[in-house]
Amino acid sequence: MKNQRLRQSDHPITRSPDHPISRLCFPHHPGLVAYLTCGDPDLATSREIILSAVQAGADVVELGVPFSDPVADGPVIQRASERALKNHTSLQDVLGLARDIRRRSDAGLVVFTYVNPVLRVGMEPFCAAAAAAGVDGVLLTDMTLEEGGEYRRCTEAHGLATIFLAAPTSTDQRLKKIVEASSGFVYAVSRTGVTGTQQQLASDARSLVQRIRKFTKLPVAVGFGISNAQQFAEVGKFADAAVVGSAIVQTIEQNPGRAPQAVAELIGSLKSGKPASVGR
């Protein structure tokens with residue numbers, strides 16, 4: 001079933017009392033959050049990949065900002081960042097891409113970045129620009145709760161959701177603080193370590209989601225290592241959505257010239273439970 005969150009419009013939707021943060025939702029269970037590194041292989045192709053992903057069933061798209069030191073990411077996303085940086089892809093480029101996508105789609109858009117690129121622009125100018133571009137939320141991978149005061153004030157002022165990572169190693173006390181600081185949805189990290197595809201879903205994932213649910217009614221999306229239909233379906237038994245990143249980025253890497261089609265096939269396979277025929 002095709003996603004109906006594509007639209008035609010001349011102007012992006014921005015945050016206002018008439019447009020609350022409602023696009024970070026998962027109308028079909030389980031929902032799918034698709035991550036890609038913007039600018040890999042180039043911005044024009046990234047745009048087509050995003051639109052294809054939404055058409056294939058992605059509910060939310062994480063717009064990855066390439067960074068020179070992606071400490072939370074494994075080799076697949078590291079390589080994508082290197083390729084995008086060789087193309088001189090910047091945070092401003094990613095926001096421009098978000099504005100372009102918003103003209104065509106009502107899918108949820110999250111800027112996924114490390115803190116340094118945002119600090120170079122400035123927290124307030126960044127949040128203002130993100131809201132104007134039609135972005136729904138922000139995930140700063142290395143932003144801690146203790147250092148997030150200005151971040152949370154600025155995002156709230158501009159109607160942007162704040163999305164924090166919750167790890168299996170977090171205590172219940174810390175999980176409570178994480179969900180209290182979150183809006184939109186909570187990102188549950190399925191395992192310790194860096195991003196990357198895995199053959200099996202970590203056993204910690206279910207218990208982590210159960211612990212998070214004690215403190216919030218926000219949707220919970222599980223990420224890190226989800227790469228096939230079996231894992232996607234398993235996550236759907238206990239969480240609201242699955243985040244698929246490295247599998248998408250690897251599909252882009254392995255399918256030069258047909259990446260939008262290949263990503264759509266991958267997402268379709270995850271949603272349908274049938275294997276995809278991607279790669280060369």
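The values are calculated or read from the model by the stated rules, or taken from the named source; none is laboratory data. If you're wondering where the values come from, they're calculated on a predicted model, not measured in any experiment. Cβ coordinates were reconstructed from backbone atoms using ideal geometry, including for glycine residues, and neighbour counts include every protein chain displayed. Note: areas computed on protein heavy atoms with side chains; ligands, DNA, RNA excluded. Shrake-Rupley method; radii C 1.70, N 1.55, O 1.52, S 1.80 Å.
Brief remarks on what is shown
- 26 Å Cα-Cα reach of Lys176 towards lysines, excluding residues that sit fewer than 8 places from it in its own chain: Lys214, Lys217, Lys237
- Each helix, a run of at least 4 DSSP H residues, gives -39500 (n - 2.57); summed and divided by the residues of the chain, these come to -12000 deg cm²/dmol at 222 nm.
- Taking the centroid of alpha carbons for each part, the stretch 94-129 and the stretch 156-192 are 19 Å apart.
- Cα-based shape type of the stretch 117-272, given that a ≥ b ≥ c are square roots of the gyration tensor eigenvalues and the cut on a/c is 1.5: oblate
- Counting charges near His88 (Lys, Arg +1; Asp, Glu -1) among other residues having Cβ under 15 Å from its Cβ returns a value of -1.
- Orphan Cys of the chain, criterion: no other Cys C-beta under 4.7 Å: Cys25, Cys38
- Computed with a 1.4 Å probe on the full set of protein chains, the accessible area for Val115 sits at about 20 Å².
- Ser227 exposes around 30 Å² of accessible area when a 1.4 Å probe is run over every protein chain in place.
- Calculated Rg and Dmax of the chain using C-alpha coordinates, Å: 17.0, 48
- Sequence of Arg206, Arg153, Arg211 from largest to smallest accessible area, 1.4 Å probe: Arg153, Arg206, Arg211
- Taking 18 Å as the cut-off, the amide N atoms of the stretch 78-97 that come nearer than this to a point 7 Å along the Cα-to-beta-carbon line of Ser68 belong to 78-93.
- Which of Cys154, Cys25 is most accessible, then next, and so on - probe 1.4 Å: Cys25, Cys154
- Among Arg83, Arg120, the sequence by solvent-accessible area, most first, with a 1.4 Å probe is Arg120, Arg83.
- Entry note, the chain: relative contact order of 22 percent, from Cα contacts under 8 Å with a spacing of 6+ residues.
- Take Val65: with every protein chain present and a 1.4 Å probe, its accessible area is about 10 Å².
- Reciprocal of mean inverse Cα separation for the stretch 100-180 (Kirkwood radius, Å): 13.4 Å
- A cut-off under 9 angstrom between Cβ atoms defines the neighbours of Pro41, and their net charge, with Lys, Arg +1 and Asp, Glu -1, is -2.
- DSSP beta bridge pairing in the chain, given as percent antiparallel to the nearest 5: 5 percent
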